[in-house]
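Worksheet: one structure, shown below.
The values are calculated or read from the model by the stated rules, or taken from the named source; none is laboratory data. All values derive from a computational prediction rather than experimental measurement. Note that we place each Cβ from the backbone using ideal geometry, even for glycine, and neighbour counts take in every protein chain shown. Areas reflect the complete protein model, heavy atoms only, side chains present, ligands, DNA and RNA absent. Shrake-Rupley method; radii C 1.70, N 1.55, O 1.52, S 1.80 Å.
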Amino acid sequence: MLDIADFGANLTGVTIAPNEAEIEDATFDVAYAIYSLKYIPNLETVMKEIQRVLKPGGKFIVYDLIKTNDYDEDNEEHFKTLHHLEYA
């Protein structure tokens, strides 16, 4: 967030604690998640909440590693690829 602050943006950090994340509808122009969504078991709920707090036409930027239902932990190629990405 500090890197973005250099551009003069107003920034709000949000945690996963419900009492700290009470935000009004259509509050933000942009939301972003960096290496955080992979820890969330139900992405549908998170995506709906992000949509709720973004202004119409707002942007959501994600930089993360998320396994899809196609990931097969018994597939050696899948396992190696994920391991290398997580290590990086």
Subject >> Count of the stretch 11-37 residues which are open to solvent by 100 Å² or more (accessible area, probe 1.4 Å), at pLDDT below 85 and in a loop (DSSP other than H, G, I, E, B) >> reply: 2
Original post:
Within the set of pairs 6+ apart or on separate chains, which have a first residue in the stretch 1-28 that is under 16 Å from Lys55 (Cβ atoms), a second that is assigned to a loop (DSSP other than H, G, I, E, B), and C-beta atoms under 6 Å apart?
Top reply: Leu11/Met1; Val14/Ala21
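Within the stretch 52-88, track down each residue that is hydroxyl-bearing (Ser, Thr, Tyr) and either open to solvent by 100 Å² or more (accessible area, probe 1.4 Å) or not in a helix (DSSP H, G or I) (or both). Before you say what the answer is, go through the steps one by one.
To start, the set of residues in the stretch 52-88 that are hydroxyl-bearing (Ser, Thr, Tyr) comprises 63, 68, 71, 81, 87.
Once the filter is applied, which keeps residues that are hydroxyl-bearing (Ser, Thr, Tyr) and either open to solvent by 100 Å² or more (accessible area, probe 1.4 Å) or not in a helix (DSSP H, G or I) (or both), the stretch 52-88 yields Tyr63, Thr68, Tyr71, Tyr87.
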Original post:
What single numbered condition from (1) touching a helix residue (DSSP H, G or I) at 6+ places or on another chain (Cβ under 9 Å); (2) without any contact (Cβ under 8 Å) to a residue 24 or more places away in the chain fails to hold for Leu37?
Top reply: (2)
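Looking only at residues that are of a type outside the set (A, V, I, L, M) and at negative phi in the stretch 1-10, which one is most open to solvent (accessible area, probe 1.4 Å)? Walk me through it before giving the result.
So in the stretch 1-10, the residues of a type outside the set (A, V, I, L, M) come out as 3, 6-8, 10.
Of the ones still in play, those that are also at negative phi are 3, 6-7, 10.
On the way: Asp3: 123, Asp6: 131, Phe7: 179, Asn10: 154 Å².
Here the residue is Phe7.
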Original post:
List pairs: first in the stretch 66-78 and without any contact (Cβ under 8 Å) to a residue 12 or more places away in the chain, second open to solvent by less than 100 Å² (accessible area, probe 1.4 Å) and of a type in the set (Phe, Trp, Tyr), Cβ under 7 Å, 6+ apart or cross-chain?
Top reply: His78/Tyr71
Original post:
Going by the conditions given, is Glu44 farther than 26 Å from Glu86 by Cα, open to solvent by 50 Å² or more (accessible area, probe 1.4 Å) and not in a strand (DSSP E or B)?
Top reply: no
